[in-house]
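Only one structure is covered here, and it is reproduced in the block below.
No lab work stands behind these numbers, since they all come straight from the coordinates. Small disclaimer: the values here were computed from a predicted structure and weren't measured. Cβ placement follows ideal geometry from the backbone for every residue including glycine, while neighbour counts extend to all protein chains displayed.
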Amino acid sequence: MNSNPKYLSSVIRNHKGKKFVTYISDLKIDHIVTLLKEDKKIRKYSNKALADEAGFSSTQKFAQAFHAKTGCLPSFFIKEINKI
């Protein structure tokens, strides 16, 4: 984007009300939630595979971001969505 990181972070903070890292994590989690809702095969993935799919560096960071965004752990979310 040819922009300096401080300016980009400031724009995201002002327009989205979030820190840059939180905004990117939320986008990744939104992507995984959409995949889980639309593709039953993805629901069989391990947390490690889901973390890799979303681009997280570790399963722990993925689980923490997932919980922060959705209010539940990935395994519980998948269990609930499978009930539908």
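If the condition is being touching a helix residue (DSSP H, G or I) at 6+ places or on another chain (Cβ under 8 Å) and either in contact (Cβ under 8 Å) with a residue 24 or more places away in the chain or small (Gly, Ala, Ser) (or both), then region 63-84 contributes ALA63, ALA65, PHE66, ALA68, LYS69, THR70, PRO74, SER75, PHE77, ILE78, ILE81, ASN82.
Got at least one residue in region 58-81 being at negative phi, exposed (fewer than 13 other Cβ atoms within 10 Å of the Cβ) and among the aromatic types (Phe, Trp, Tyr)? Looking through region 58-81, none of the residues is at negative phi, exposed (fewer than 13 other Cβ atoms within 10 Å of the Cβ) and among the aromatic types (Phe, Trp, Tyr). Checking LYS41 against (1) surrounded by fewer than 16 Cβ atoms within 10 Å (Cβ to Cβ); (2) touching an Asp or Glu at 6+ places or on another chain (Cβ under 8 Å), only one condition comes out false. Which one? Failing condition for LYS41: (2).
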